[in-house]
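Step one of this worksheet: look at the structure below.
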Amino acid sequence: MKKLLTFLIAVLFSTSSIALAQINTFELLEKIKQNKILPKNDRIPQQTVAKSFSHFSRFSTFLATQQKKTSTQSPAILNFSPQSKSDGNSLYTFASFDIYWDKNFITPRFIQPKNSPSLVGSKYYNFALSNVFFSFIEAHKNIFQIQDPKQELKETETINTFDRETVIRYSQYFKGIPIWGKEILAHFNKTGELTFINSNIVPTFDENTPNEAKISRSNAISTALSDLKRRTFFQDIPTDLLKLFSEPLQKANLFYFWDDPKQKPTLVWVVEIRPNLYEKFRYFIDAQTGEIVQFYQANPSDGPTKGSGIDLFNQNRTLNIFQSQGVYYLVDASKPMFNNNINQPDGVIVTYTNNYSDLTKTSRPAVVSSPSTNFNDPVAVSLHYHLGLVYDYYYSKFNRNSVDGKKKNIVGIIHITQNGESMANAFWNGEFIAVGDGGDIFYPLARGLDVIAHEFTHGVVQFTVDLEYKFQSGALNEGFADWGGAMVDREDWLIGEDVVNPNYFPSGTMRDMSDPHNKTYPGDPNWLPAHMNEYQDLPLEKDNGGVHINVGIINKATYLIGNAIGKDKLEKVYYRVLDKRYLTKQANFVDFRLACERSAKELFGDNSPELSAVKNAFDAVGIGNSGGSSPDPDLPPVVGQHFILAVDQQLNLLYRLNEVLKSQSDIVKISKQPVYTESGSVIAPIENGVGVFYIDFNNNVRYIDLANLTDEEVAGESIYRSIAISGGKSPKIAATFIDYAPQIYIYDIAKDSTKVINLYTPTTSHSGEITEPLFAVNLSWTPSGKYLAYDAINVRYELNGDTTYYAEVNLLEPNSGTIIRIIPPMPRGIHIASPMFSQTNDNRIAFAVWDEFNQVAGLFIGDLFSGNVSQIVQSSLLTDQIATPVFSPNDTAILFQSFQPNLQQYVLYKIKLKKDKFTPDGNPYVYATGAGIPRWYAVGIRNDV
Ligand SMILES: [Ca+2]
Ligand SMILES: [Ca+2]
Ligand SMILES: [Zn+2]
């Protein structure tokens, strides 16, 4: 075989001393640096492009192949993270940890090591934990997009978990002002290693972001107050209860607020007001303009309705009570949290009554008392009994001592009216649990052990992961509360079955975690979504963004896990997430999945059925990296004889080669003209293999009929640099031109319509650093034609005045012109180019990497569904740059081009892929030498309608 190849090289692809003509993106980058290519000032006019494109319309009939299913999934960001090694040797390793990215800000939400127990190794043993943390952040500033970590991240909480590990919460700041909700949680094991990070941060702001308030604190508070007076009722809070509050009833502090990368960060006053005992409102007031940016009710509140009261269970309960001067009180001093001081009892459970009145300044909530040990108020008995059970649950299962884990008194209040009418709900207001007497719709809520456990668990959430009570983090807060309800009231998965009047709840329960639809249909108030495809995308004004609605999806996942592994194991997984702070305050559903996976993995092992149960449950409700339950299946490949197209390096002519090279007849010269070679996207075979377009050395497009081998000019203008043609019923052409503009043109052949898309950097730039794309080089359509991948050379104007250049790969959605980042920002000197989609799936994409400083090359396949990346070629095997990977028509192998400097030769290597079409099967081997710019196609059709 080797002998034959040598023969072929001698005959056809003979090496010579003439200048090499093929230039890949990395080489273009070098030319740019040496000022050898200057983008022209004159753009090619759009009319010229449109006129030139219109020549393609004559191909419209036979270009159209069968319609393919279009992917519905949005691409994930790949877990691709080159890491600078400090040992000075082969300086980069790739993908040493898994990162789940925030799609808006391209910052990490979850980082864990891939094949080792910790992110930072044991050599940091003797360092303070914060040094370990900052050494990691400093080394990966590009990943975090944080310029000055020590200034921008401040330690705000140190948490010791039940297993004696440490979590440090770092809040994000800009110029000394905290950024609302943005934080990093750093997790350390007992030996002080950083085991993983979960975070919710934004890139460092632009230097010019205002940092002084024009609006005063008192003005901000009055703005909030006057708005709030129109929305809810204000009441004076009884002095007895006021003592319970650890914070003032009104406060305002400066924060930055930044939730949307398309907007700028805003300096705001965050004003918190408790207008009454039930609610705590949070206002974000623009500190420059005084405008209300956002507001919401921030307490967990479980939906008040109106009515009047009825009976409880008719059961006799043993109660823990307290005697003082001949009177008995519903004060439970029997728990391990009790301070053992009968004169000043602390660490107790207390049941108050408000004596069927509104909670006003004149009302006197009193501890429920009795002249004897017998208590004859069934509501009080139920609440007191249930509060004790809930305390016991958390203490016996998790050694959690009260709601805050620090012996906080547990206070419940019954017999509360609102405007004189019985209150028909229960709530946790941040300090105590208030439990209404119900009405027509509800029985007294103290009747429901799960209701009391639900409210108590809101408190546990507040003192652990403190999930913000809006949108997905709010629905997670509700999800934990329902989990608490189903763990303490352990015999069923129903929530509120003991407190609802069945006339109003035909299913007999408020919520059913096993069936969030609750035997109703969409539109019914008792219907909740059970899967992400039923997710209700609601504004903040509607139930705080659907916290009591989308909880259905979380509840279903909770139920599925519990059903698979049992409640004993489920509670361990969930409580660990809370106690070990595996969620940030603004965590979303995917964060929750990752947190539960980590928790289950630590408890039960990497390959445990428990971990699989967690994954399966989240899959089943559609919570995954891409929001879909499973990746799109592969398209059937084009079936027919396979051929390879390649360009020889001496004359730059186009050849058609058989897959296996045995003799001279396996190689056929097919082009009349030399091929233009300053791009890897100059050869565009039609999906069904009937013909191929190529750009010739004059930058014209020509067409070769691959059956008859005729070669004719297509487009009348000598302007083309790159071209790619999609498959599908309505094929589109993407092209770039010799003006080196930061633009890609899309031409719809059937409609004869042309569209120009202006390229941009798909992230916010920060700290005054400016990057912009100069021009795109290689183009590759997904097999469905939904997205176009491209590599572009970009300029970066550094803060020190330098200008540097880099290559990166992005996706383009041609209908909207949106640029989508699929690879996170890379460190200086790491370049990514030559994107090429697989031929059977929109999710798999190959790309080449060049480490400029260390002269290391690599070839990878990324999976845009899972975010996983697979290294296809070990950089040590090749001595130089890798370019133009192409998949075989059935994705069983990849062909790519490299360059051997000592031989001054281009080489085409082949490497097989395993059945997953993702991991390499063996090492690359030489397919041909003296050739480059391969394409691989089959003559046939795709049976995929
Ligand atoms: Ca029950
Ligand atoms: Ca229940
Ligand atoms: Zn709730």
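Which of the listed residues, Pro516, Gln297, Thr61, is farthest toward the dipole's positive end in the chain, when Lys, Arg count +1 and Asp, Glu count -1 at the beta-carbon? Going by the charge dipole, the pick is Thr61.
Secondary-structure-derived ellipticity at 222 nm for the chain, considering helices only, amounts to -5500 deg cm²/dmol, per-run term -39500 (n - 2.57) for DSSP H runs with n ≥ 4. Other residues lying with their Cβ under 12 Å from the Cβ of Val777 contribute a combined charge of -2, Lys and Arg counting +1, Asp and Glu -1. Of the residues Ser665, Pro685, Val647, the one whose Cα sits farthest towards the positive end of the charge dipole of region 609-708 is Ser665 (charges of +1 on Lys and Arg Cβ, -1 on Asp and Glu Cβ, taken about the Cα centre). Here the 3J(HN,Hα) profile of region 500-517, calculated from phi with Karplus coefficients 6.51, -1.76 and 1.60 at θ = phi - 60°, is 9, 7, x, 5, 9, 10, x, 6, x, 8, 6, 9, 10, 5, 7, 9, x, 5 Hz, Gly and Pro shown as x. Fewest-first ordering of Thr158, Thr558 by other beta carbons within 10 Å of each residue's beta carbon gives Thr158, Thr558. Rounded to the nearest whole Hz, the Karplus-based 3J(HN,Hα) values (6.51 cos²θ - 1.76 cosθ + 1.60, θ = phi - 60°) of region 261-277 follow the sequence x, 7, 9, 8, x, 10, 7, 10, 8, 9, 9, 10, 10, 9, x, 7, 6, with x at glycine and proline. For the chain, the Kirkwood radius over C-alpha pairs fed into Stokes-Einstein at 25 °C and 0.890 mPa s yields D = 79 µm² per second.
Taking other Cβ atoms within 10 Å as a rough exposure proxy, Arg490, Arg169 sort from fewest to most as Arg490, Arg169. Annotation note: GluC sites (Glu not before Pro) in region 443-511 located in DSSP loop regions with a Cβ neighbour count of at most 12 within 10 Å are Glu491. Summary value for region 455-528: 18 percent relative contact order, contacts being C-alpha pairs under 8 angstrom separated by 6+ residues. Taking the Cα centroid of region 782-838 and of region 183-229, what is the distance between the two, rounded to the nearest whole Å? Cα centres, region 782-838 to region 183-229: 30 Å. For region 107-200, the relative contact order is 35 percent, taking Cα pairs closer than 8 Å that sit 6 or more residues apart in sequence and dividing their mean separation by the residue count. Amide H to amide H distances under 5 Å link Tyr927 with Leu908, Tyr909, Lys910, where only residues 5 or more positions off or on other chains count and H is placed in the peptide plane.
Between the residues Asn142, Ser199, Thr156, the greatest Cα displacement towards the positive end of the dipole of region 107-200, with unit charges on the Cβ of Lys, Arg, Asp and Glu, is found for Asn142. By other beta-carbon atoms within 10 Å, ranking Glu165, Glu157, Glu212 with the fewest at the front produces Glu212, Glu157, Glu165. Taking every alpha-carbon pair in region 107-200 and binning the separations at 5 Å intervals from zero gives 3, 14, 26, 27, 19, 9, 3, 0 percent. Residue by residue, region 752-761 carries 3J(HN,Hα) couplings of 6, 10, 10, 9, 9, 10, 7, 7, 8, 7 Hz when phi is fed to the Karplus relation 6.51 cos²θ - 1.76 cosθ + 1.60 (θ = phi - 60°); x denotes Gly or Pro. Taking all pairs of different Cα atoms in region 217-287, averaging 1/r and flipping that mean, what Kirkwood radius in angstroms comes out? By the Kirkwood definition, the hydrodynamic radius is 13.3 Å.
If only the Cβ of Lys and Arg carry +1 and only the Cβ of Asp and Glu carry -1, the dipole of the chain around its Cα centre is close to 1480 debye. What does the charge add up to near Glu165, with Lys and Arg as +1, Asp and Glu as -1, over the other residues with Cβ less than 9 Å from its Cβ? Combined, the nearby Lys, Arg, Asp and Glu give +2. Helix 449-462 sits at what angle to the longest principal axis of the chain, using alpha carbons and giving 0 to 90 degrees rounded to 10? Approximately 60 degrees, to the nearest 10.
The H on the amide N of Leu774, modeled in the peptide plane, is under 5 Å from the matching H of Ile793, Asn794, Val795, each at least 5 residues off or on a different chain. The distance from the alpha carbon centre of region 533-549 to that of region 550-625 is 22 Å, rounded to a whole number. I'd like the distance separating the alpha-carbon centroids of region 676-713 and region 911-945, in whole Å. Here the answer is 20 Å between Cα centres.
Taken together, the values in this text are just the output of simple stated rules run on the coordinates, not laboratory data. Computed from a predicted model, the values in this text were never measured in an experiment. Cβ sites come from the backbone with ideal geometry, for glycine too, and all protein chains shown count toward neighbours.
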